[in-house]
Structures are given as structure tokens and as C-alpha cells.
1. Please work out if Val75 is over 20 Å from Ala138 (Cβ atoms) and in contact with a helix residue (DSSP H, G or I) (Cβ under 6 Å, 6 or more places away or on another chain).
2. What residue, among those in region 61-76 that are assigned to a loop (DSSP other than H, G, I, E, B) and modelled with pLDDT of 95 or more, is nearest to Val290 (Cα to Cα)?
3. For residues that are touching a residue at least 24 places away in the same chain (Cβ under 8 Å) and touching a helix residue (DSSP H, G or I) at 6+ places or on another chain (Cβ under 6 Å), scanning just region 173-190, find the one that is surrounded by the most Cβ atoms within 10 Å (Cβ to Cβ).
4. Give just the number: which of (1) under 26 Å from Arg144 (Cα atoms); (2) in the same structural domain as Gly230 (by TED's automatic domain parsing) does Val54 not satisfy?
5. For region 149-156, does any single residue satisfy the condition of being within 16 Å of the chain's Cα centre (by Cα) and either touching a residue at least 12 places away in the same chain (Cβ under 8 Å) or not in a loop (DSSP other than H, G, I, E, B) (or both)?
6. So which residues in region 293-319 are among the β-branched types (Val, Ile, Thr), at pLDDT 80 or above and either over 16 Å from Asp205 (Cα atoms) or not in a helix (DSSP H, G or I) (or both)?
Amino acid sequence: MQRGNTGEKRLASGLVGTITGVLTRAMADPGREYRRLRLRLNLSPVLQPLPEGVGVYLYSDDVISGRLLVGEFEVAVRRLLGDVLKPGMTFIDAGANLGVYTAIAGKLVGPQGKVYAFEPSEREWRRAMKTVKANKLANVELHRAALADRDASVTLTVCDAMCAAYNSLGSVTHGSAVGHVSHVEQVPCRSLDSFISEKSLKNVDVVKIDVEGSEELVLRGGRKLFSSAGAPIVLCELSDWTAPGLGSSAERVWDLLASYGYAIYAISGDATNYELSPCERQSRIEYAEVAAVKTHRVGAFGSRIDPCGAASPNPASTG
């Protein structure tokens, strides 16, 4: 009888703790708590306002949505983007996923600027498009296509929605996504140089590349752009969790950027402050977010670049 009473007390204590937590969070930020409860109850999507002045649709079956809700998704990279993107600039987003960077960039470059975003997965493309429309971003073109090293039709391996961040043009090799493949899709593929020529673009200011192992292909497909005198800043993911699925590696991506004349900096910090430190070439990099910059673009970062600090990329389980 006593054990039963103990169990009931624990249950009651747990319920009180849960209710107290909900009330505390609701008092601090009622809107976020409402959205959190909707996601927990599978009542998605919900439109989450971001500090950058845009809203992004979140989904209960998507892990990135959870990180966006609590303000923990790539906050240093987003802060950096806010410093370098100015009205009238051109931004290319390779791997739009939910459309976070697409929407932020669309807001930053304004009506006189342009955003070209690429997302090959039909599910993620639709979700990103919903966010673009919610923000009324007439300056955004969101293409349902992959960026790689050629114009062709390719096979995209699509993971379950919870692992959508790891969709790949190759084999899925990230430990969090192995065993969570949903299906494959035939998707169009473009090279950056071909796309830029087709659009007659005179300049590209920033390119973000987060394509789960295809980073080397995107860079090879943009050889003319990245070798040019006016080459853009590149925000790129280096990861030996995903690159092997396409026969690549973080080291190969690092070498290719260096061959184009880029200096490579690891991005560290948080939503209030970030720093760029020289990124050392390593035989293995589990996961790192880097900014690749040529001399003519260094001024965009002001004093953020630490010329003396030696940075080792910071592994993270969410890469």
C-alpha cells in the first residue's frame, strides 16, 4: 500500500513540475510556449518569428524546427550574415531546407537585392516556399533543384522528415540519419556557373553552401565564379560525417576553396557575438561552419577576424 502511495506522489509531483514549467515559460514568452505546445501536439506548422525580422514555419516532425523554437539554430552564422549582407546585394542559398537563410537574406538585401535559393527535396521545397510566401519576399527565387557540378537529372536520397537535414545526392552516412531513408526522387541539377550565365548575373556577394556532402560538387560547378576577381564570400559546412557519401571529404573541400584563393575561417560565438579564426587544414573535420573570404571582402567583417588565433573546427552532433 505504501508503494502505491509513493508512486502516486511521484506522479503528482511530476504533473505539478510539468504544469509549473509550462506556466513559467508562458509567463516569460506566451507566444513561444503556445507554439511549443502546438508542435508537441503535432498541430504544425506554426510560424516562428526570428530576431532577424522574418517568420519561419516550424514542423513537429522536423529537428531543425525544435532548435529554431528555442533559439539555438546556427545563431553565430546568422549574426555574421546580418553583418555582411546589405541592401541591393545578391545571395545564393544552396540547400535551403526550411528556408531560414533564404528568408533572412531576402529581408536583408531588400527589394533592390536578389536571392536565388535551391532545394531539391519536394517536401522541404514546399515548406521553404510556404515561408517565402508568408514573408512576401518578391525578391526571392526558390528553385526545386540541386546545385552540383553539372546540369543534369540526379537522384536525391530523401530521409524521414525528422532527419531531413541529411537528405543527400549520395549515400546517407551521417550517424543520426543512417536507417532513416524514406525514398528517392529524381531532381534537376544545376551548376552555379551555368545558372549565373543563364541569369546574366553581374555579381554575387554571398553564397551559403549546406548540402550534406555535395559541397565539393557545388564548388566545382562554380569554378568560374569562385575564381573570379569579384568572388563572393562563401559560408560553407565542412563535415566528414556527410562528405564520404559522395566520395568527398572535408579536407578536399578545404583544399578546393584554398585553390580558388580563399582564406578559410572557423565561425564561433553566439547570437550576440561571433568571431572568425583561421581554420587549419586537417585530415579529418567532423563538423565545422566556416567562412571563406578573399582579400577584397575582408572589410565586410570589421574587427571580427582574429588574425592570430588558430581555430580547430568544433565538432557538433547537429552537423
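1. In short, no.
2. Glu74
3. Here is the first cut: in region 173-190, the ones touching a residue at least 24 places away in the same chain (Cβ under 8 Å) are 173-176, 181-190.
Checking the rest, the ones that are also touching a helix residue (DSSP H, G or I) at 6+ places or on another chain (Cβ under 6 Å) come to 173-174.
Values: Thr173: 19, His174: 22.
So, considering only residues that are touching a residue at least 24 places away in the same chain (Cβ under 8 Å) and touching a helix residue (DSSP H, G or I) at 6+ places or on another chain (Cβ under 6 Å), the one surrounded by the most Cβ atoms within 10 Å (Cβ to Cβ) is His174.
4. (2)
5. No, region 149-156 contains no residue that is within 16 Å of the chain's Cα centre (by Cα) and either touching a residue at least 12 places away in the same chain (Cβ under 8 Å) or not in a loop (DSSP other than H, G, I, E, B) (or both).
6. Val293, Ile305
The values are calculated or read from the model by the stated rules, or taken from the named source; none is laboratory data. None of these values were measured; they are calculated from a predicted model. Cβ atoms come from the backbone with ideal geometry, glycine included; neighbour counts cover every protein chain shown.
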